[in-house]
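Only one structure is covered here, and it is reproduced in the block below.
The values are calculated or read from the model by the stated rules, or taken from the named source; none is laboratory data. Here the structure is a predicted model, which is why all the values come from computation and not from measurement. Neighbour counts run over all protein chains shown; Cβ positions are idealised from the backbone, glycine included. Keep in mind that these areas ignore ligands, DNA and RNA; they rest on the heavy atoms of the full protein, side chains included. Shrake-Rupley method; radii C 1.70, N 1.55, O 1.52, S 1.80 Å.
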Amino acid sequence: MTSRISSIGLGITVALLLFTGCQAEGTKVPDTLDVGPPPQVEAPAPVLLRLTQQQYTHCVADLFGPSVVVPSGLEPDSQNDGLVALGSSYSSVSPLGAERYADAAFSIAKQAVEQAGIGPDCSLETEGCLREFAQSMGGRVWRRPLVAEELDVLVSLGQQAQSALVDSKSSLETVLATLLQSPYFLYRVEVGGGAEGASHLTDFELASRLSFFLWNTMPDDELLAAAIGGQLAGPDELAAQVDRMLSDPRARQGVRNFFAEWLDLYRLDELTKDPNVFKHFAPELGSMAREETLLVAEDLVFEKNADMREFLTTRTTFASRRLAAIYNAPSSVLEGFGPIEFPLDSSRRGFLGHVSFLALNAHAVSSSPTLRGLFVRERLLCHTIPAPPANVNTAIPAVSTTAKSLKERLQVHMEDPSCSPCHLAMDPIGFGLENFDGVGRFRLLDNGVPIDASGNIDGEPFANAAELAEDIAEHPDYARCLVRKLYTYASGRHLGDGEGAMVDWLVASFEAKGRRFLGLMRDMALSKQFRSRGEVAP
Amino acid sequence: MKFQRRTLLKGFLGGALVTVGLPPLELFMNTHGTAYAEGAGGFPQRFGLFFWGNGMNPDRWVPQGEGADWSLSEQLAPLAGVKDMVTVVSGMRVLVPNIEPHHATACGILTGRPLVMKDGEHTFPGPTIDQTIASAIGDETLYRSLEFGAEAGAGMSFNGPYSQNLPEQSPIALFERLFGPAFQAPGEEGVVDPSLGVKRSVLDAILGDLGRVKASVGAADKARLEQHMEGIRGLEKRLAKLQGNPPDLAACAYPPTPAAAYPDMEGRPQVREKNRAMCDIVALALACDQTRVFSNVLTRPLNNILFEGATAGHHNLTHDEPEPQPEVHAITLQCIEELAYQLESLRSVQEGDGNLLEHSLVFATSDVSNGKLHSSDEFPIILAGSAGGKIKTGHHVRTVANDNASKVLFSIAKAFGMNLGEFGEAEGRVTESLTAIEV
């Protein structure tokens, strides 16, 4: 199964004439493992990223400690191309969102001062103490030093509060609340400058880009100090910082968030199943299933520094008792998550065998070969499948004497020319996973009909789900898709003109170095592209 | 002075309609009656959108009979108690290209314009009808518009591309926002919060920061920041109004305090309870003239909510349940019952010789007509209230087949005094309104 796989157009060329929307993008496979230096690529126009809800929460915890509670209901994140990281460069702040940011800022400021003991080292009676406080807090909240005019504004607001409310704490709270609802906190403002002009990020902007990419939160004091000291400009010093960050526990927070966004795992919060059909369903199943997948990802990335193909092929997972019951395996723990090994003769392998993937991409009463196939195409291979056309009856035909299993009932997708161009790209993948029901339990029969899980994906045959997982792991678009997703996640924007070459280089380097995820993150973080900044679109 | 309306508003659909007896009028006389320019009897016009997800079934929806002589259909039966205040329009089609099921038609019916597809994602090209109306009548109130909904998700209220007005989904949060400590009922002794001035100064500083960031970014980001600034200006305006005197309105009163939480019951959200609590709050927010425009998104397009009595999520059922889809039908009825509740809650608030519903216009619709087929013809369109005598009530208006649904939006804008000349864009554009519903 290591032979080269052609693009998905194969076999449906005729159909494509009828439905050109289902064309897959071309596949580029590097010819050699000698990857050479990264290409010089022009940076696209910069975008203004707004902190995601998670980033906001992480920043508040980093700034004021874990005791400070962020009020719920902040402006929600939006997805773009399946990623919240991309959506945060599109959505604006609604009027209610602005109100919530304001309320949250005052609430957090009050908690920080009154409970977490945030305050100046000096006495507020002393001349200049409030200014000192604004300067030291401001530098952290805004992730850069403040200029004199900015400090003037903060100090005068603090003084106004003090005289209006006759309470010295109110001046501190007002300064903090102002910092926290400012765009310099809520957005990742990048204007460039630094030693190399507007086409490069300043050291502080680079520090933020690094920390949000690697940690999904703000820079720590050491990183900010390195930026102040100009120590992010030299390649060796930068590499040392990146290596330090990747070995910091916060890197797990960053990697987990990427996997959750990439694999749509946050949607598991909304997982519902018909309890009459699926006895193993419980309201907490969705979040448990997400944790399982994230634990597997963490284990492969950090503990094993594994080849990322293993994410799809490993027989090891970490399951709670409820999940273990679905896997029909003895749980290794009473509480929490413990390792279990899928048997060699089982066709359950890696992420495609997880409850997270199998239950999320299924209906409330049944599995869904179409949704599973769609997920593999869109999320794992970065292929584009258009939405079903309007005025098409999308109901799955009811059970009949000639069509009892879901696969038999979906035969119309394969035969009707208005359905087949797209469904031929999706359903056969899902048929390979039909041994797993709508919550991911293994089964041999579907409505009494023996399941035939064989098929082929883009010309590569498989006999069962284990071979399908291997085919996808070896599919050249899998590595490329992972790299592309991580690249857009890191930059917060779509690929610019010419950036495909950068992705090609990263793919080649990723493959040459054994497809290690941390290595890929490191390559990206150290690339010149990562700190370059295009011209602002008019 | 406080008086609880809990006893007045409960139990509309449980049996006989409660007739609301307001205390003697002179106690509550509106001393600023002349402040209102529009609407019958000197009361302001209000606009509301009521939206539910995943459509209906045209075969069970379109009423029998036309004009003033008509009877409610099976799916409209819950509106029996307010039929005289309702006009149903049938036969219309959303003509914008149906390129993305649910979203394209939702965009068409709410903006009259085609959905924008960019970078594989979609957004609405311009303001939804509630925001169009808010631009005409939203400036005088504390809130330009109010967005809420039991299961509203991100809501259906757009200012423009990628700019949505976030809805309130928690009754208690909605209550706190509208009737929390900052609210003063007519006649209450007010103490102006001394922190309001400081908060206004903070907002000034934030506007300054936003302006500086705006100067350094590209056009798309400038537009996003402008939206953010618009929100901050709204907050500033509200703080300024709170520092002044509250409006003195006869019907203004505290709504009942909702429950602290409405947790899902075995995976089923309490759609009905949440909606009713919020409808009660919003009726009185309108009576207190805190806003004149609302958007109630009961459920969102594509929602997969496990409704009471259903075996699977709503969206799944629309596609998976065999005909005649009894469960989907039951869910549609539940949605229309909630519309009925909203209309009843407005009607229960007396204003002068009339009531709040008469002074309002509620436009009720969904994202598709037949959810199973994602169809755009026979679109569900209900109008209720008369916008103070501008729109006919108690009619079934059957248009020529596939008449452009944007005509209704044009009529709505006209009813609120907007002189637009045309409405919508591309396939959705119309140059005439639906005169059959206009007075």
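Observations on the model:
- Out-of-range pairs (alpha-carbon distance over 31 Å; input B:LYS83/B:LYS414; A:LYS273/A:LYS407; B:LYS222/B:LYS390; B:LYS237/B:LYS274; A:LYS485/B:LYS222; A:LYS169/B:LYS222): B:LYS222/B:LYS390; A:LYS169/B:LYS222
- Over the range B:203-292, relative contact order from alpha-carbon pairs under 8 Å, at least 6 apart, %: 26 percent
- Computed from phi, the 3J(HN,Hα) profile of the range A:167-181 under the Karplus parametrisation 6.51, -1.76, 1.60 (θ = phi - 60°) reads 7, 5, 5, 5, 5, 5, 5, 5, 4, 5, 5, 5, 4, 7, 9 Hz, with x in place of Gly and Pro.
- Folded to 0 to 90 degrees: helix A:476-491 orientation relative to chain A principal axis, Cα: 20 degrees
- 1.4 Å probe accessible area per residue over the range A:412-536, in Å²: 32 Å²
- The helix-based estimate of mean residue ellipticity at 222 nm for chain B, built from -39,500 (n - 2.57) per DSSP H run of four or more residues and divided by its residue count, is -9500 deg cm²/dmol to the nearest 500.
- Once the Cα gyration tensor of the range A:469-538 is diagonalised, semi-axes √(5λ) in Å: 24, 13, 9
- Cα-based helix-to-principal-axis angle, A:95-114 vs chain A, degrees rounded to 10: 60 degrees
- Here the range B:34-123 is treated as an ellipsoid with the same Cα gyration tensor; its semi-axes, largest first and in whole Å, are 30, 24, 11.
- Radius of gyration over Kirkwood radius for the range A:436-486, both on Cα atoms: the Rg/Rh ratio is 1.10.
- Note: relative contact order over chain B, using C-alpha pairs below 8 Å and six or more positions apart, is 32 percent.
- Overall, the ratio between the Cα radius of gyration of the range B:103-147 and 2.2 N^0.38 Å, rounded to two decimals, is 1.35.
- In Å, descending, principal axis extents of the Cα set of the range B:218-344: 58, 49, 24
- Extension gain, A:SER136 back to A:ARG315 (0.36 nm per residue minus Cα-Cα distance, nm): 59.4 nm
- Under 13 Å from a label point set 7 Å out along the Cα-to-Cβ vector of A:LYS279, the amide N atoms of the range A:318-345 belong to A:326.
- Relative to the 2.2 N^0.38 Å rule of thumb, chain B has a C-alpha radius of gyration ratio of 0.96.
- Global geometry of the protein assembly as shown, whether rounded, prolate or oblate, following the gyration tensor of its Cα atoms and the 1.5 cut on a/c: oblate
- The range A:297-357 - convex hull of alpha carbons, volume per residue in Å³: 86 Å³
- Kirkwood Rh in Å, taken over all unlike Cα pairs in the range B:156-229: 15.5 Å
- Sorted largest first, extent of the range A:333-389 alpha carbons per principal axis (Å): 48, 24, 22
- The convex hull built on the alpha-carbon positions of the range B:79-130 has an orientation-averaged projected area of 4.9 nm².
- Gyration tensor over alpha-carbon atoms, the range A:205-286, equivalent ellipsoid semi-axes in Å: 41, 10, 9
- Take the Cβ atoms of A:ASP345 and A:GLN253, set R0 to 25 Å, and the FRET efficiency comes out at 0.10.
- Convex hull volume per residue for the range B:230-288, taking Cα atoms only, in Å³: 124 Å³
- Remark on the range A:43-77: accessible area falls by at least 50 square angstrom from chain-alone to full-complex state for A:LEU48, probe 1.4 angstrom.
- Using just its DSSP H runs of length 4 or more, each adding -39500 (n - 2.57), chain A gives a mean residue ellipticity at 222 nm of -13500 deg cm²/dmol after division by all residues.
- Interface burial in the range B:315-354 reaches 40 Å² or more for B:ASN316, B:HIS319, B:ASP320, comparing the full protein assembly with the chain by itself; accessible area from heavy atoms with a 1.4 Å probe.
- Carbon-plus-sulfur accessible fraction, chain A (probe radius 1.4 Å, protein heavy atoms only): 53%.
- Taking 4.7 Å between C-beta atoms as the pairing limit, chain B has these partnerless cysteines: B:CYS107, B:CYS279, B:CYS335.
- Cα gyration tensor category, rounded, prolate or oblate, for chain A with a/c compared to 1.5: prolate
- Averaged over the residues of peptide B:193-205, the number of Cβ atoms from other protein chains lying within 10 Å of each residue's Cβ is 6.
- Shape of the range A:386-494, Cα gyration tensor, a/c cut at 1.5: oblate
- Relative contact order %, chain A, counting alpha carbon pairs below 8 Å whose residues are six or more apart: 21 percent
- Dividing the radius of gyration of the alpha carbons in the range A:246-358 by their Kirkwood radius gives 0.96 for Rg/Rh.
- Under a 5 Å amide H cut-off, with hydrogens placed 1.01 Å from N, A:SER367 pairs with A:GLY438 among residues at least 5 apart or on other chains.
- The B and A chains share an interface that buries close to 4700 Å² of accessible area, total over both sides, probe 1.4 Å.
- Accessible area in square angstrom per residue, the range B:70-227, 1.4 angstrom probe: 33 Å²
- Taking every alpha-carbon pair in the range A:23-181 and binning the separations at 10 Å intervals from zero gives 9, 30, 28, 15, 10, 6, 2, 0 percent.
- Simple label model, 7 Å out from Cα along Cβ direction - A:VAL333 to A:ILE228, nm: 4.0 nm
- Listed peptides B:135-143, A:143-151, A:124-132, B:309-317 by packing density, highest first (mean Cβ within 10 Å): B:309-317, B:135-143, A:143-151, A:124-132
- Tail weight of P(r) past 18 Å, computed on alpha-carbon pairs of the range A:252-304, percent: 37 percent
- For the range A:97-215, the Rg and Dmax computed from alpha carbons only, in angstrom: 15.5, 48
- Burial of accessible area (probe 1.4 Å, heavy atoms of protein chains only) in the range A:166-206, relative to its chain alone, reaches at least 40 Å² for A:GLN181, A:PRO183, A:TYR184, A:TYR187.
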